[in-house]
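Notes follow once the structure below has been shown.
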Amino acid sequence: MEPGPPGSSGPAEPGPCLSAQRGADHAASASLQSAARTEPGRHSLAVAAVLPAGGCGERMGVPTPKQFCPILERPLISYTLQALERVCWIKDIVVAVTGENMEVMKSIIQKYQHERISLVEAGVTRHRSIFSGLKALAEDQLNSKLSKPEVVIIHDAVRPFVEEDVLLKVVTAAKEHGCTDYDLEFGTECLQLALKYCRTKAKLVEGSPDLWKVTYKRDLYAAESIIKEIISQEICVVMDSKEDNKHVGHLLEEVLKSELNHVKVTSEALCHAGRHLQQIILDQCYNFVCVNVMTSDFQETQKLLSMLEESNLSILYPVVVVSVHFLDFKLVPPSQKIENLMHIKEFSKKVKERNILLYGLLISYPQDEQKLQESLRQGAIIIASLVKERNSGLIGQLLIA
Ligand SMILES: Nc1ccn([C@@H]2O[C@H](COP(=O)(O)OP(=O)(O)OP(=O)(O)O)[C@@H](O)[C@H]2O)c(=O)n1
Ligand SMILES: O=P(O)(O)OC[C@@H](O)[C@@H](O)[C@@H](O)CO
């Protein structure tokens, strides 16, 4: 946390906001927003953030600077930007990147539709990069779109899991508190510099375990696992309104519920212009199972894919769609249907371009109730692993339960 430049003006409130949110974090963020709403004695405050992102990530040991390393095919820095962007009371986000990475950064901002971002040239050390960001916020340029803040949050571009509550605590403390000897004794080098050169007092605020920094290669794997877990919390079973489909769809829903204890499993019909389904997509469910009974065509799955493509849900995270086909292998030998099902390869290639991972799953649909339960269980296990792993190498494959 650093002091903002003098002469700040213009209201920006840490607190309630109604802007649309993207990402899997909307529920947590909504509760934080309501906490902020009820917080007593809150002041209007102009807040900006500076993200130092000019390092080369030597300890990571790969040629790409770690802030640009992909996690689920999206650069790490985009997750950090998303985390700050969803905090609507942060008015401007200034990112310091090296000249050679300026174009890469611009294309990331464009591709992932980041907003309120300004770029400045990084310096040779982290502190110089931060200084460069602060200067941009302090400058009085006629055509500058940046407004002068009272408080500036300094946040490493390689700490992707920062939450709104800790930012609110830090900003509030920066506004309200001075510094104690204790804070300085146990503070970081940033605090000491702030006191030494700006005579600005600092206050330490307890962070959360999520604030860790991606430093080594193993941290990238950890970050990927955390992100996968966040987006695998809900699966929606989609079926059409035919009685047989609904019956089998609900059976699958029940088995998924019992196999996946911590996952919310919902079901929705694909008919009636799919109003409820639209809502589920808007609420950022990233996993769908499309139920087809005794058919090997993809009409229903294609309807679902079109809805997903129109929604832009997959801009930030890969969306998993499993096209499930229940076939009675005794009545209909799989070979008869397989030719049609092979089209899944083409569909999956096409939708992969939109970050949708499409898989096929054949579930045996025997007359015997007990055998059906067993194949449903097998199917649920496969679905669970597809959702959990999000393996793009397996798209377009027909798996058999
Ligand atoms: N000249 C620099 C050096 C670092 N940073 C940024 O400061 C943050 C924290 O620094 P650190 O983890 O040390 O990053 P690197 O310097 O890239 O890593 P390493 O020390 O392993 O080279 C990172 O977001 C990094 O991009 C920066 O903006 N400008
Ligand atoms: O180089 P290290 O990984 O030890 O730590 C870097 C941190 O000190 C730095 O990123 C700031 O957060 C601290 O003010």
Result of the Cβ filter at 8 Å on segment 215-244, keeping first residues that are under 27 Å from Ala380 (Cβ atoms) and partners that are within 16 Å of ligand 1 (Cβ to nearest atom), at least 6 apart or interchain, is Glu224/Ile71; Ile226/Phe161; Ile227/Ile71; Ile227/Tyr79
Taking segment 348-394 on its own, how many of its residues are of a type in the set (Phe, Trp, Tyr) and crowded, with 22+ Cβ neighbours inside 10 Å?
1
What pairs come up if the first residue lies in segment 156-167 and is over 10 Å from Thr80 (Cα atoms) and in contact (Cβ under 8 Å) with a residue 40 or more places away in the chain, the second is among the β-branched types (Val, Ile, Thr) and more than 13 Å from ligand 2 (Cβ to nearest atom), and their beta carbons are under 8 Å apart, counting only those six or more places apart or on different chains?
Glu164/Val87; Val166/Val205; Leu167/Val87; Leu167/Ile90
Looking for something in contact (Cβ under 8 Å) with a residue 24 or more places away in the chain, closer than 22 Å to Lys388 by Cα and within 16 Å of ligand 1 (Cβ to nearest atom) - is there at least one such residue anywhere in segment 276-285?
no
Are any residues in segment 113-169 under 18 Å from Thr98 (Cα atoms), more than 16 Å from ligand 2 (Cβ to nearest atom) and β-branched (Val, Ile, Thr), and if so, which ones?
Ile117, Val120
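Is segment 77-90 home to any residue that is farther than 22 Å from Glu163 by Cα, buried (at least 19 other Cβ atoms within 10 Å of the Cβ), within 12 Å of ligand 1 (Cβ to nearest atom) and at pLDDT 95 or above? Lay out the reasoning, then the answer.
Narrowing segment 77-90 to residues farther than 22 Å from Glu163 by Cα: none.
No, segment 77-90 contains no residue that is farther than 22 Å from Glu163 by Cα, buried (at least 19 other Cβ atoms within 10 Å of the Cβ), within 12 Å of ligand 1 (Cβ to nearest atom) and at pLDDT 95 or above.
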Pick out the one residue from Ile117, Ile108 that is over 24 Å from Arg390 (Cα atoms), in contact (Cβ under 8 Å) with a residue 24 or more places away in the chain and in contact with a strand residue (DSSP E or B) (Cβ under 9 Å, 6 or more places away or on another chain).
Ile117
When the residues of segment 227-264 are filtered to those that are part of a helix (DSSP H, G or I) and polar (S, T, N, Q), which remaining residue is surrounded by the fewest Cβ atoms within 10 Å (Cβ to Cβ)?
Ser258
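To keep it simple, each residue is scored yes or no on (1) over 30 Å from Ser314 (Cβ atoms); (2) among the hydroxyl-bearing types (Ser, Thr, Tyr).
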{"position": "Ile71", "(1), (2)": "no, no"}
{"position": "Val87", "(1), (2)": "no, no"}
{"position": "Ser107", "(1), (2)": "no, yes"}
{"position": "Gly123", "(1), (2)": "yes, no"}
{"position": "His127", "(1), (2)": "yes, no"}
{"position": "Lys148", "(1), (2)": "yes, no"}
Listed by first then second residue, the pairs whose first member lies in segment 44-55 and is in contact (Cβ under 8 Å) with a residue 12 or more places away in the chain and part of a strand (DSSP E or B), whose partner is within 13 Å of ligand 1 (Cβ to nearest atom) and of a type in the set (Asp, Glu), with beta carbons under 8 Å and at least 6 positions apart or on separate chains, are Leu51/Asp156; Pro52/Asp156
A careful count of residues in segment 302-343 that are part of a helix (DSSP H, G or I), aliphatic (A, V, I, L, M) and either within 18 Å of Ser364 (Cβ to Cβ) or not assigned by TED's automatic domain parsing to the domain that holds Phe288 (or both) gives 2
Segment 102-155, subset surrounded by fewer than 19 Cβ atoms within 10 Å (Cβ to Cβ) and among the acidic types (Asp, Glu), residue modelled with the lowest pLDDT
Asp140
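The values are calculated or read from the model by the stated rules, or taken from the named source; none is laboratory data. Bear in mind that the values here come from a model prediction, so they are computed numbers and not experimental data. FYI the Cβ positions are ideal-geometry reconstructions off the backbone, even for glycines, and counts take in every protein chain you see.
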